[in-house]
Structure formats: C-alpha cells, structure tokens
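Report on the following structure.
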Amino acid sequence: MRYSCTFRSFEYDIQFDRTGYQQFLREQELSEYDITHLNIHLITNFTLSHFKGNNDLAPGGAFFQRGREYVEQENKTTKGLYREYDPPGKYAAIFLRPGLCHIWDTSAHLNHTFLHETRHHIQHCLKLSCCSRSPGNEVFASLAAKDQPWEIDAEEFADKHFQSHTFLQLVPHRLQRSDLQWMKAQS
Ligand SMILES: [Zn+2]
C-alpha cells in the first residue's frame, strides 16, 4: 500500500481515512491496481515538477519557457491537481493544498477538492466517455477551461459526495515544543 499523506500546519494536523477511501473507490468500480497505485500528497505549494507533462508548458504551449509564471499563477488559485500514471513511474497522484482552503469551511472545501481530483483518477482508469480528450499524458491543470466535460463531471461528482464523505479530517492542535522542533527541521 502506498499512500503518502502527511500534512501539518500550525493550526491542525490532517488525518486520512485510508480504509474508508479505498472502500469508496471499490464502490466506484476501480480495480485493486488503480486503488493501490494512487498516491495522495498534501502540499503547501506547487513547484514546476508537479506540472511535468503539461501541454501549456511544452513547446508551442501558452506558457512555454514561462514555467515560473505559470506556477505562480497556479499557486494563487489551484487547490488540487491530478497526475495520471507517468511511465516508468507506477503511481498516479493527487496533490492537495489544504492551506488554500478557506479557514471557516476548510474541511468541507478540502474534501470537495479531494473528491474532484479523485474523480479525475476514476475518469482516467475507467476511460469514461465524457472525458475522452487529446492523447498523451495530459495534466488536469486549472488553466484549462472549467467548462470542459471532464471538469464538469468532476465537479458534479464532488458536489454529490462531499457532504456524506469526509476522508480528510482536520484536527486542531496547539503549538507545542515538538512543533517548534518540527518547524526548525523544515526550514
Ligand atoms: Zn479538475
């Protein structure tokens, strides 16, 4: 089993209900392979490496050789990102930025984003017809039009499930000595 999922901010830890999530993916008819070959990453900010393979950044793309600008723009608004299998790597990935979710509804917001990105994995693995698109290892970046059928489908999926499914729990905690050591280790 390979889920990496650790996130700590100064306000909260995030706990991931992996068992519940896997069960949910089974109910969505994903294969065991596709369930276990998906990594969940909770991150603070995107870097250029998160957008590897993105058409906008490739030669001829709108942001060719303007990667830094692209990442800056993504970091202002984008809460989640799905990456398909990227051979020879064996894992697809979901990247989530809990810090960007609004403070008063962080939990709901975060789970909604998580479900949206999860749907992209389902679309990809089950080759859903609403979501056929140009070939290649395309990345679902935010700059792509929101009215694309796969985005609408993902948004509807998240709307449908986010109130009944909370896979990521925010646990508030107070700053303690161990946090200061942790902060030091991170800097
Ligand atoms: Zn999307």
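Here is how the numbers come out for the structure above:
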quantity: Approximate spin-label separation Tyr91-Thr44, in nm, with each point projected 7 Å along Cα-to-Cβ; calculated: 2.1 nm
quantity: Partner lysines for Lys146 [C-alpha distance under 29 Å; skip if fewer than 8 residues away on the same chain]; calculated: Lys52, Lys76, Lys79, Lys90, Lys127, Lys160
quantity: Extension gain (nm, one decimal) between Gln65 and Asp17, 0.36 nm per residue minus Cα-Cα; calculated: 13.3 nm
quantity: Net +/- balance of residues flanking Ile43 in space, Cβ distance below 11 Å, scoring K and R +1, D and E -1; calculated: +2
quantity: Local net charge near Ile94, Cβ-Cβ under 9 Å (Lys/Arg +1, Asp/Glu -1); calculated: 0
quantity: FRET efficiency, Glu156 to Lys76 (Cβ-Cβ, R0 35 Å, nearest 0.05); calculated: 0.90
quantity: Net +/- balance of residues flanking Leu81 in space, Cβ distance below 10 Å, scoring K and R +1, D and E -1; calculated: +1
quantity: FRET efficiency, Lys52 to Gln148 (Cβ-Cβ, R0 25 Å, nearest 0.05); calculated: 0.75
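All of the numbers you see were taken from the coordinates with simple rules; none came from a lab. Treat the numbers as computed from the prediction; the structure is a model and nothing was measured. FYI the Cβ positions are ideal-geometry reconstructions off the backbone, even for glycines, and counts take in every protein chain you see.
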